[in-house]
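Engineer: Please see the structure below; I have some questions.
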Amino acid sequence: MSAAMGGPVVLDPYTLPSDDNVNPYAFSVDLNGEWFLQRGKMVAYYGRIDFHGLGHGPLDRLISVNFHSPLHAADWVVAQGQGKMLLADRAFDINSYDLADGNLTIRSGNLLAFQPGLSLKQSIIPGFLTLIGTGKFVAASNGAVVFVEPPVRVDPQALVGWADCPSPCHHYDHAYLRGVLGGVRMLTGLGGVSGEEHQFEFVGAGQVLLQSSERLMDDIDTGVVPRQPGVPAGQPHSGL
Amino acid sequence: MAFTQLTSKMVRADVAPGRPLFSQRGAMLAYTGQVTFTPSITGGQGGIGSMIGRRVANEATPLMTVEGSGSVMFGHGGHHAHVIELTGETLHVESDRLLAFEGGLRQGTMFMGSQGGVMGVIRGQVTGQGLFTTTLSGSGAVAVLAHGGVFELPIRPGAAVHVDPQAYVAHRGEVRNRLSAAVGWRELVGRGSGETFQLELTGEGAVYVQASEEKL
């Protein structure tokens, strides 16, 4: 961090970090070309930067390579040009991550921005987005993100995303409701519930990203998926 | 040490057979290994008598017993977590600030009036502690929640510490606390400094203060 103890640091186009955090809550992008960002997450910029909404325009080809679901494209903006761009999101902690020919699935509300080397897809799991390819992306979280190696079981609200491990599944734990005492407990409600009966379970090789609190960010719409046999959560009138 | 501070808001605790933990319900973020979470009917330790005591004292924050073998990550509501190591002293803390604590610690309830009588009761009202507060004694680790970061101020004989009641989190050791009120004519006409009430802590120990005047 550049904010040393010696007093306030003046940031200008030359002292702003390049593709790095300014402080835990703001990220500086050294833009030279294009970046994709969630609408409304840019707080300031230096230089010549144009912001294009996704739609019919000169960037259609780029967008068609990087976006694979047309309906949530409306929530994204392309920043094009040269300069330093600052990203922030309601004072949440912001971190950048590098993917090298990898994949990462993230809760839709947590993803702020990504480089065009990555392509954004809807996850099969509703409410999540998957990034595939090589490049840098920026994500927000409530408290710093902690990486955990599977096997691990995660509280649904603490899950930010996961990389490389293909087995997100539900795990239920009602052991204390079994047996005679458990039956009494279940029928009377005596003793209450632990609030930890349901987790997401991950096994296999990879990384699971946790945020350190159970407060969620608002989801952004990931778009609907086509209604077809075999497509989970498919809805009629998808725009495809 | 059973608790490891992972980030300012997340704590990891190791659980082993025969070494259970108590934690606030719903505060588990993730775990590895074979761990079970059972809502504690008695809301902690000490059998039925203590349970009734806690219910009456309204210090019965829903707790769960964490047993098995593995490691568990705790955090709650985006609040900062702070680990306190106890070596034989007594920690006084509000029960809703308890994130998790080792099962080996003895849990009790203290009547605020037992320190300073009526003034103690008033102190409880001002600090938001109410009439009762929870005590933990023995050897082990406790993770407490606070709004903003927590720092520890040592209390030594002859060096009393004054704390804003709203910023007070917990204290440990042989400490007497007293509410000092500086009420003058300015307070009476509504032109006070806003720092009328202070907790004065004297004795030997430490007080934990949060960098915020917001309650949990």
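Engineer: Keeping every protein chain present and rolling a 1.4 Å probe, give me the accessible area per residue for segment A:20-141 in Å². Kindly include the intermediate steps, with their values, before the conclusion.
Structural biologist: Details: 5100 Å² over 122 residues.
The answer is 42 Å² per residue.
Engineer: Return the average number of partner chain Cβ atoms within 10 angstrom of each residue Cβ along peptide B:7-16.
Structural biologist: Numbers: counts 8, 5, 8, 9, 1, 2, 0, 0, 0, 0.
Mean shielding count: 3.
Engineer: Over the whole of B:77-84, what's the average partner chain Cβ count within 10 Å per residue? Rounded to a whole number, please.
Structural biologist: Per residue, the average neighbour count from other chains is 3.
Engineer: Next question, about the same structure. So how much accessible surface do A and B hide from each other in total, probe 1.4 Å, in square angstrom to the nearest 100?
Structural biologist: Numbers: alone 12840 and 10040 Å², together 20770 Å².
The summed interface area works out to 2100 Å².
The values are calculated or read from the model by the stated rules, or taken from the named source; none is laboratory data. Small disclaimer: the values here were computed from a predicted structure and weren't measured. Backbone-built Cβ (ideal geometry, glycine too); neighbour counts: all protein chains shown. Surface areas here come from the heavy atoms of the whole protein model, side chains and all, with no ligands, DNA or RNA. Shrake-Rupley method; radii C 1.70, N 1.55, O 1.52, S 1.80 Å.
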